[in-house]
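Following: one structure in structure tokens, then a few remarks.
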Amino acid sequence: MNFGAVKSIYLAEMARTKRTVMQSVISPVLSTVLYFVVFGAAIGSRISEVDGVGYGAFIVPGLIMLSLMTQSLSNASFGIYFPRFTGTIFEVLSAPISYLEITIAYVGAAVSKSMLVGLIILVTANFFVDIEIQHPFWMVTFFVLTAVTFALLGFIIGIWADNFEKLQFVPMLIVTPLAFLGGSFYSINMLPEFWQKLTLVNPVVYLISGFRWSFYGQADVSLWLSLCATMLFLCVSLAIVHWIFKTGYKLKA
């Protein structure tokens with residue numbers, strides 16, 4: 001393992017965050033707080049509890065996951081797309097560093113940045129509602145697995161995208177709607193039976209459900225089903241990244 005090369009790429013990506021702290025950290029935190037205030041105040045005044053949990057506290061895990069997914073995706077996709085756009089990716093590919101080390105460096109930086117935002121949101125939420133974390137181990141497990149999985153997905157998108165429009169296509173038109181429809185602001189048990197079954201097709205449901213269970217012991221699907229779905233999502237992403245480097249898809253052209 002070439003730790004020096006991994007460290008160099010990782011630190012370069014993290015340094016970019018310092019230059020764009022408003023966009024990378026402050027903006028997503030403020031957006032999430034705005035969601036919390038609007039949904040918690042407007043809807044929370046009409047819905048006292050969901051599954052025995054106050055509505056304001058109920059939506060906190062969903063908001064954290066929403067931010068974690070979008071930030072992991074966007075940080076990783078832009079991190080690998082920008083060197084492709086400027087042509088500096090060929091310097092990385094010609095350096096004495098393996099594909100695994102390249103992936104670890106870019107994905108690791110994206111995970112670090114998105115987890116930082118998620119933790120800030122978690123701390124900020126404590127100023128609005130009382131939050132209880134009943135199962136901290138599982139909270140950290142789902143937190144890390146989700147960040148890594150969506151960073152890998154963002155890495156794939158950053159390689160696939162040919163322009164900035166494609167770079168924004170998946171996060172804006174696919175991931176964000178799936179997150180909103182995945183139980184971020186409600187329990188799927190509140191839906192009619194047909195829509196409950198249809199919602200279970202959405203993979204984001206399992207991520208949010210498992211993460212919310214770690215807080216309050218309440219979930220729309222079982223913990224192990226959520227964990228298996230998350231691991232499957234992670235394995236598929238890893239397989240695609242392996243295929244990209246093995247074939248040189250959009251990297252060697």
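Read-outs throughout are calculated quantities, based only on the coordinates presented, and are distinct from any laboratory measurement. Everything quoted here is computed from the prediction, not taken from an experiment. Ideal geometry is used to build each Cβ from the backbone, glycine not excepted, and the neighbour counts take in all protein chains shown.
Projecting the Cα atoms of Ser112, Ile97, Met65 onto the dipole axis of segment 47-164, where Lys and Arg carry +1 and Asp and Glu carry -1 at the beta carbon, places Ile97 farthest toward the positive end. At what distance in nm do the modelled label points of Lys197 and Val236 sit from each other, each positioned 7 Å from its Cα along Cα→Cβ? Label at Lys197, label at Val236, 2.1 nm between them. Ignoring aspartates and glutamates fewer than eight residues from Lys7 along the same chain, the ones with Cα atoms less than 19 angstrom from its Cα are Glu91, Glu101. Classification of segment 29-127 by its C-alpha gyration tensor yields a prolate form. The axis ratio a/c (a ≥ b ≥ c) is 1.5 or more, and a/b outweighs b/c.
I'd like the orientation of helix 27-38 relative to the chain: the angle between its Cα long axis and the longest Cα principal axis, in ° from 0 to 90, rounded to 10. That works out to roughly 10 degrees. Relative to the longest principal axis of the Cα atoms of the chain, the long axis of helix 204-216 lies at roughly 60 degrees. Pick from Ile174, Ile59, Ile208: which residue has the top mean-square fluctuation in a GNM of the chain where Cα pairs under 10 Å get a spring? Comparing Ile174, Ile59, Ile208 in a Gaussian network model of the chain, the most mobile one is Ile174. For Lys197, the aspartates and glutamates whose Cα falls under 14 Å of its own Cα, not counting residues fewer than eight places away in the same chain, are Asp220. How much net charge surrounds Tyr10 when only other residues with a Cβ under 14 Å from its Cβ are counted (Lys, Arg +1; Asp, Glu -1)? That sum, taken over residues with Cβ under 14 Å, equals +2.
Rounded to the nearest Å, what's the spacing between the alpha carbon centres of segment 172-202 and segment 78-114? Just the number, please. One Cα centre to the other: 33 Å. Report the paramagnetic label zone for Thr20: residues of segment 61-84 whose backbone N is under 13 Å from a point 7 Å from Cα along the Cα-to-Cβ axis. Under 13 Å, as judged by backbone N against the label point of Thr20, lie 71-84 of segment 61-84.
Phi angles across segment 104-117 convert, under the Karplus curve 6.51 cos²θ - 1.76 cosθ + 1.60 with θ = phi - 60°, into 3J(HN,Hα) values of 4, 5, 5, 5, x, 5, 5, 5, 4, 5, 5, 5, 4, 5 Hz, Gly and Pro given as x.
Of all lysines in the structure, the ones whose alpha carbon falls short of 17 Å from that of Lys250, not counting any fewer than 8 places away in one chain, are Lys166.
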